[in-house]
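Since the structure comes first, as structure tokens, the remarks are kept for the end.
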Ligand SMILES: NC(=O)c1ccc[n+]([C@@H]2O[C@H](COP(=O)([O-])OP(=O)(O)OC[C@H]3O[C@@H](n4cnc5c(N)ncnc54)[C@H](O)[C@@H]3O)[C@@H](O)[C@H]2O)c1
């Protein structure tokens, strides 16, 4: 039963990304943090201490029964998302789940179906949709000023994520591999910008940090869309120096070209009128993402829905399969069909 006061949110998993969700909750006048769960008792207690002594536990079932919990944000390692999501649906709560929605398409679809049956909102934290740069690209495309997108190139290079050799992110069982862990950001974005789902995904992976890695920390991803449209993506967490965060986007449309070069905040549009600069909106991605989830619960559209999360997982699974086989993978080759 939802209360009249601010929407009560339970955070599950109190690591690095949870802090950004908690900061967004703190800044919101529509939702508030009402509880924390972490299977590590010391981390649960520390997070409670850092957040004014808010209720915490190591037991998800116990927390889902707290009456002040209206919705849940899941911030645990990828391999645990589907199991936790099923428990959230069974408890009748709304869910914002960190990416990837699950580590297999079959698991992601089962979560989606659970939420459809429960009549609760499932949104996915495809957070890059909420950033200024991606919203600028999206609104330029929606305005029609560069026409129909034909080719999208998108690059995200970083070097910070693996931490050290104990990180769960380099364990394919816990993260699903780099396509699931980070590839989902770009795979989702280019589809959102293109306004379509691809027919096939072709990927190559490289173990750039070290040959001993069990995952490919550098990915090239090529998506073929209906109408001979194409997206080329590069996603790396292996670049040096470790603090590097390099972004580069180009969209070639039927009436012009948009570029977002070299980590610049403003985009450039070149069309028949000449060159113009699109200034960024200057917002906070995690706050926007939270607002999108709350809007969806109130009956609007989520910034990224459960269906979007499922599509991202399916494309990422296809990418991992393509790396393993060396062949493009049609999305129909997966266990379920992902429709727009
Ligand atoms: N949206 C983004 O841009 C973005 C960025 C980074 C990470 N992420 C995602 O956020 C999630 C968390 O990543 P992180 O970097 O914060 O991880 P982390 O390792 O820093 O934190 C994970 C926390 O979850 C706890 N935990 C593990 N299993 C649990 C379970 N079953 N129930 C409850 N708690 C459990 C751990 O003890 C730890 O405190 C991952 O799914 C990751 O892919 C998203």
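Numbers for the structure displayed
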{"quantity": "From 42, 50, residue being within 11 Å of the ligand (Cβ to nearest atom) and more than 19 Å from residue 98 (Cβ to Cβ)", "calculated": "42"}
{"quantity": "Check on residue 190, buried (at least 18 other Cβ atoms within 10 Å of the Cβ), under 16 Å from the mean Cα position of the chain (by Cα) and either more than 19 Å from residue 151 (Cβ to Cβ) or modelled with pLDDT under 95 (or both)", "calculated": "no"}
{"quantity": "Scope segment 222-279; condition crowded, with 20+ Cβ neighbours inside 10 Å and without any contact (Cβ under 8 Å) to a residue 40 or more places away in the chain; matching residues", "calculated": "225"}
{"quantity": "Qualifying strands (runs of 3 or more DSSP E) (wholly inside segment 171-238; at least 3 residues being more than 25 Å from residue 306 (Cα to Cα))", "calculated": "200-206"}
{"quantity": "Count of residues meeting criterion [crowded, with 23+ Cβ neighbours inside 10 Å, under 16 Å from residue 116 (Cβ atoms) and touching a strand residue (DSSP E or B) at 6+ places or on another chain (Cβ under 8 Å)] in segment 90-105", "calculated": "4"}
{"quantity": "Contacts under 8 angstrom Cβ, first residue in segment 2-30 being closer than 25 Å to residue 100 by Cβ and within 15 Å of the ligand (Cβ to nearest atom), partner at pLDDT below 95 and not in a helix (DSSP H, G or I), 6 or more apart", "calculated": "24/284"}
{"quantity": "Verdict on residue 210 being in contact with a strand residue (DSSP E or B) (Cβ under 6 Å, 6 or more places away or on another chain) and either at pLDDT below 95 or within 16 Å of the ligand (Cβ to nearest atom) (or both)", "calculated": "no"}
{"quantity": "Wholly enclosed strands (runs of 3 or more DSSP E) of segment 58-142 bearing at least 1 residues touching a residue at least 60 places away in the same chain (Cβ under 8 Å), more than 28 Å from residue 280 (Cα to Cα) and within 16 Å of the ligand (Cβ to nearest atom)", "calculated": "71-74, 122-125"}
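The values are calculated or read from the model by the stated rules, or taken from the named source; none is laboratory data. Nothing here was measured: the structure is a model prediction, and the numbers come from that model. Glycine gets a Cβ as well: all are built from the backbone with ideal geometry, and neighbour counts include every protein chain shown.
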